[in-house]
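The values are calculated or read from the model by the stated rules, or taken from the named source; none is laboratory data. What you see is a predicted model, and the numbers here were worked out from it, not measured in a lab. Here the Cβ positions follow ideal geometry from the backbone for every residue, glycine too, while neighbour counts run over all protein chains shown. Only protein heavy atoms, including side chains, enter the accessible area calculation; ligands, DNA and RNA are left aside. Shrake-Rupley method; radii C 1.70, N 1.55, O 1.52, S 1.80 Å.
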Amino acid sequence: MRILHSGSFSGQKGLVSLKRHFKFLIFIAIVAVVVVLSAFSFTSMWEDPPIIPGSGVTEIRMLSEWLPSIEGTMLDTEVYVINGSEEGGKFLLLGGTHPNEPGGTLAAIVFVENVSAISGTIYVIPRSNHSAFTHNDAMEGSPQFFSIQLPDGSQRVFRFGSRRTNPISQWPDPTIYLHPTGATLGGGEVSNLNRTFPGREDGYSTEKVAAAIMNLVLEEEIDLVCDLHESSPEYPVNNAIVFHQDSAELAIMTQMMLEMEGVDIRLEESPVNLRGLTHREIGDNSDAQVVLLEVSNPSQGRLRGKTTEDLVTEGIDKFYLQASKDGKLFAPYDETGYPLDLRVARHVATIRVLVDSWNMMFPERMILLSDIPPYEGLVDGLGTYLNPVS
Ligand SMILES: [Zn+2]
């Protein structure tokens, strides 16, 4: 009896153990499916959505031409050259320094896909921190992609990336970042391309990207640099031209001319002790005049609600509307939101007027451009100025 009882007990024990094992196996299978799907989702961001150059692009070069050690890595990126038939000034336009600020990237892409040069040369880098386009910021809940509808009904897809370089390209970051000027910054800033200028050729990956861009500026004898960004509506440096002190006259003239066109924009001089930024370091280390443009982006700020693709493209958020009613914002905001069309229109108009101002001040280094999309046209629909993918 005792043996029988014991046998029955061990049979029940075996059944319980089998159930436990089965549950464990189910759990492992679910984890494996999630891991595989996440891996596919994660690596889907490694592929570059196409940029369709317009007829004005005369050459596509790679940034590694100015720093060969980044060739074949996630850091390398296209440099679109728009060369006029007549001699003139040289202009470098940077988009995607921060890939979570799509207005800057899209404005640079609009230039690549539309603009031609009559005199002078433009170098456009739409994905300046290419590695940072290949992942999202942790804990931000951002979409990986967003899309824009074209007039023919087709969609163009773009990546919404991170403020910082992908850890696959650069890890770990130090506790404190000792900038080449001797300034100390928070360790995470070593992954922020807009804190690592003028860069170090043998430094951290992000410093290498900055060094490559700096080499381009020096070797190509760039006259004018414009770096395109977006900032949250509650941030004071918003809808602004941030300028290096040597570019003050150019920035003031640009602001005055823009105001005459009805585009309200403020001026911010770059603080001398805030190191690593494009306008500060390129301005200090070359003869180029340098400005950085900010435009208000509600999908970036801390007050925002759920970060959807629609928030990125339409910029409509009830929390920002309330903040605006409470007088907490530094940019105009109402029920119509702050759409990507408007943000790109502001950037493109500011670049056009910046170049016009340059031409007035330096006629011997004229940069004459054609086919820049008009402000109103972009506000009506950015998709009109993007080329269909064949
Ligand atoms: Zn930025």
Log entry, pairs with first residue in the range 41-52 being assigned to a loop (DSSP other than H, G, I, E, B), second being surrounded by fewer than 14 Cβ atoms within 10 Å (Cβ to Cβ) and among the small types (Gly, Ala, Ser), beta carbons closer than 9 Å, six or more apart or on different chains, reads Ile52/Ser390
Flagged pairs (Cβ under 9 angstrom, 6 or more apart or on separate chains; first in the range 90-106, in contact (Cβ under 8 Å) with a residue 60 or more places away in the chain; second among the hydroxyl-bearing types (Ser, Thr, Tyr) and within 9 Å of the ligand (Cβ to nearest atom)) are Glu101/Ser231; Gly104/Thr97
Does Phe24 qualify as being exposed (fewer than 12 other Cβ atoms within 10 Å of the Cβ) and part of a helix (DSSP H, G or I)? yes
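Taking the range 242-253 as the region of interest, how many residues are surrounded by fewer than 24 Cβ atoms within 10 Å (Cβ to Cβ) and not in a helix (DSSP H, G or I)? Don't jump to the end; show me each part of the working.
From the range 242-253, those surrounded by fewer than 24 Cβ atoms within 10 Å (Cβ to Cβ) are 245-246, 248-250, 252-253; that's our starting set.
Adding the requirement that they be not in a helix (DSSP H, G or I) leaves none.
Summing the residues that are surrounded by fewer than 24 Cβ atoms within 10 Å (Cβ to Cβ) and not in a helix (DSSP H, G or I) in the range 242-253 gives 0.
Residues of the range 107-141 being on the phi > 0 side of the Ramachandran plot, touching a residue at least 24 places away in the same chain (Cβ under 8 Å) and not in a strand (DSSP E or B), which ones? Write out each step before concluding.
To start, the set of residues in the range 107-141 that are on the phi > 0 side of the Ramachandran plot comprises 120, 139, 141.
Narrowing further to those that are touching a residue at least 24 places away in the same chain (Cβ under 8 Å): 120, 141.
Once the filter is applied, which keeps residues that are on the phi > 0 side of the Ramachandran plot, touching a residue at least 24 places away in the same chain (Cβ under 8 Å) and not in a strand (DSSP E or B), the range 107-141 yields only Gly141.
Rundown of residues vs (1) closer than 27 Å to Leu277 by Cβ; (2) open to solvent by less than 10 Å² (accessible area, probe 1.4 Å), yes/no style:
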{"residue": "Pro50", "(1), (2)": "no, no"}
{"residue": "Pro53", "(1), (2)": "no, no"}
{"residue": "Met62", "(1), (2)": "yes, no"}
{"residue": "Glu65", "(1), (2)": "yes, no"}
{"residue": "Lys90", "(1), (2)": "yes, no"}
{"residue": "Glu101", "(1), (2)": "yes, yes"}
{"residue": "Gly104", "(1), (2)": "yes, yes"}
{"residue": "Ala108", "(1), (2)": "yes, yes"}
{"residue": "Val112", "(1), (2)": "yes, yes"}
Every listed condition ((1) surrounded by 20 or more Cβ atoms within 10 Å (Cβ to Cβ); (2) in contact with a helix residue (DSSP H, G or I) (Cβ under 7 Å, 6 or more places away or on another chain); (3) not in a helix (DSSP H, G or I)) holds for Trp358 save (3)
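Out of Glu234, Glu268, I need the residue that is surrounded by 15 or more Cβ atoms within 10 Å (Cβ to Cβ), within 16 Å of the ligand (Cβ to nearest atom) and in a strand (DSSP E or B). Which one? Outline the logic, then answer.
On the way: Glu234 fails: in a strand (DSSP E or B).
Exactly one of Glu234, Glu268 is surrounded by 15 or more Cβ atoms within 10 Å (Cβ to Cβ), within 16 Å of the ligand (Cβ to nearest atom) and in a strand (DSSP E or B), namely Glu268.
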Only unsatisfied item for Arg280, checking (1) under 18 Å from Leu224 (Cα atoms); (2) in contact with a helix residue (DSSP H, G or I) (Cβ under 6 Å, 6 or more places away or on another chain), is (2)
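Do any strands (runs of 3 or more DSSP E) entirely within the range 171-230 hold 3 or more residues that are modelled with pLDDT under 95 and out of contact with any Gly (no Cβ under 6 Å at 6 or more places or on another chain), and if so, which?
Filter on the range 171-230 gives an empty set.
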Expected output for the range 66-80 (first residue aliphatic (A, V, I, L, M), partner assigned to a loop (DSSP other than H, G, I, E, B), Cβ below 7 Å, 6+ apart or cross-chain) is Leu67/Glu201; Ile70/Asp76; Met74/Asn166; Met74/Ile168; Met74/Ser169; Leu75/Ser169
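Taking the residues in the range 314-330 that are in contact (Cβ under 8 Å) with a residue 24 or more places away in the chain and under 25 Å from the mean Cα position of the chain (by Cα) as candidates, determine which candidate is surrounded by the most Cβ atoms within 10 Å (Cβ to Cβ).
In the first step, residues of the range 314-330 are kept if they are in contact (Cβ under 8 Å) with a residue 24 or more places away in the chain; the result is 314-315, 320, 323-324, 328-330.
Applying the additional criterion that residues be under 25 Å from the mean Cα position of the chain (by Cα) yields 314-315, 320, 329-330.
Values: Glu314: 17, Gly315: 25, Tyr320: 28, Leu329: 22, Phe330: 17.
If we take residues in the range 314-330 being in contact (Cβ under 8 Å) with a residue 24 or more places away in the chain and under 25 Å from the mean Cα position of the chain (by Cα), then Tyr320 is surrounded by the most Cβ atoms within 10 Å (Cβ to Cβ).
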Exactly one of Arg159, Arg163, Arg195 is surrounded by 17 or more Cβ atoms within 10 Å (Cβ to Cβ), among the charged types (D, E, K, R) and more than 14 Å from the ligand (Cβ to nearest atom), and that residue is Arg159
task = May I ask you to verify whether Pro143 is away from the ligand (no atom under 16 Å from the Cβ), at pLDDT below 95 and more than 21 Å from Ala288 (Cα to Cα)?
result = yes
